[in-house]
Amino acid sequence: MPELPEVETLKLGLQKYLIGHKILGIEIRVSKIFQGDKKEVIGAKVTGVKRVGKGLIIELNNQFCLAVHLKMTGQLVYSGKETKNVKLSKKTGGDLPSKYSHVIFSLDDGATLYFNDLRRFGWIRVIKKDEVYGMPFFKEMGPEPFNNTNLGQKKLTLGDFRVIILKSGLPIKVLLMDQKKIGGIGNIYANEALFEARVNPKRKAKELNESEIKKLYEAIFKVIKRGLEFGGSSDENFVNVLGEEGKYQQHFLIYGKKGQKCPNCKGTIKKIILSGRGTYFCPACQK
């Protein structure tokens with residue numbers, strides 16, 4: 001599932017290419033993905049794009065906006081006159097529209113925005129601007145490592161993080177991925193941050209000491225920043241707004257490296273399952 005660095009990368013791309021375009025028409029090929037009346041947004045112009053956790057809000061110049069969640073395999077790919085020389089990743093399905101293109105936005109100036117989704121779990125919802133932050137998905141989002149103060153969302157401070165950690169008896173990795181506690185962190189960056197901080201993912205959160213809590217807090221910011229620098233991870237289906245793959249998967253510290261040597265201590269990396277998700281760690285140096 002795209003996580004904070006991937007969705008932030010996508011947001012920045014949409015801000016660059018989508019803002020200012022008018023929506024001329026919407027083709028809905030899979031009805032469950034598009035929720036609401038498309039007539040409310042046809043003819044409207046895109047004025048802004050915001051991110052909350054792993055979700056996106058596309059603002060329009062009327063009373064409506066589009067709330068978007070990519071879920072596991074969703075993609076938003078822009079095509080216009082300025083993207084003619086872009087080579088699409090095969091993860092988009094090839095030429096657009098592809099068999100994965102389930103909602104297609106026709107824009108002015110000959111441009112198009114495609115919502116692709118291999119597994120069809122993602123969604124786009126037409127909703128009034130004054131109601132969007134009341135949606136459970138956004139309203140229940142915990143503080144995140146990026147400061148979305150324009151959304152009224154609280155940045156994750158070390159003090160907040162300490163309280164969240166010490167109140168929970170869950171395995172620390174499971175807690176990090178709970179969006180109601182901390183927004184934006186998913187499986188990849190939880191694995192990476194725990195390795196960076198040398199914390200065993202199986203440990204109960206409330207058992208971490210003060211030093212470990214601070215190291216983990218700093219590690220979260222470090223791996224998210226690194227993910228952003230490399231344009232996100234395309235280990236699975238993520239592509240940026242132009243349909244290009246990110247490169248963070250080429251720089252993973254530990255994720256996906258079962259059986260390989262630990263880059264820190266040369267121990268052997270193991271894989272276990274925690275709360276249904278693949279979890280990678282080094283038993284020798286993650287205590």
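Quick rundown of the values:
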item: Region 216-228, residues that are within 15 Å of residue 159 (Cα to Cα) and either surrounded by 17 or more Cβ atoms within 10 Å (Cβ to Cβ) or not assigned by TED's automatic domain parsing to the domain that holds residue 158 (or both); result: 216, 217, 220
item: In region 34-49, residue farthest from residue 234 (Cα to Cα) [restricted to those that are more than 16 Å from the chain's Cα centre (by Cα) and crowded, with 20+ Cβ neighbours inside 10 Å]; result: 41
item: Filter result (surrounded by fewer than 24 Cβ atoms within 10 Å (Cβ to Cβ) and either in contact with a Ser or Thr (Cβ under 8 Å, 6 or more places away or on another chain) or among the polar types (S, T, N, Q) (or both)) within region 168-180; result: 168, 171, 174, 175, 177, 179
item: All positions within region 229-246 that are closer than 19 Å to residue 83 by Cβ and either in contact with an Asp or Glu (Cβ under 9 Å, 6 or more places away or on another chain) or without any contact (Cβ under 8 Å) to a residue 12 or more places away in the chain (or both); result: 231, 232, 234, 238, 239, 240, 246
item: Test for residue 14: is it touching a residue at least 40 places away in the same chain (Cβ under 8 Å), closer than 27 Å to residue 233 by Cα and in the same structural domain as residue 97 (by TED's automatic domain parsing); result: yes
item: Scope region 25-52; condition in contact (Cβ under 8 Å) with a residue 12 or more places away in the chain and farther than 18 Å from residue 122 by Cα; matching residues; result: 25, 40, 41, 42, 43, 44, 45, 46, 47, 48
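The values are calculated or read from the model by the stated rules, or taken from the named source; none is laboratory data. Since we're looking at a predicted model, the values are computed, not measured. When we count neighbours, we look across all protein chains shown, and the Cβ atoms used for this are built from the backbone with ideal geometry, even at glycine.
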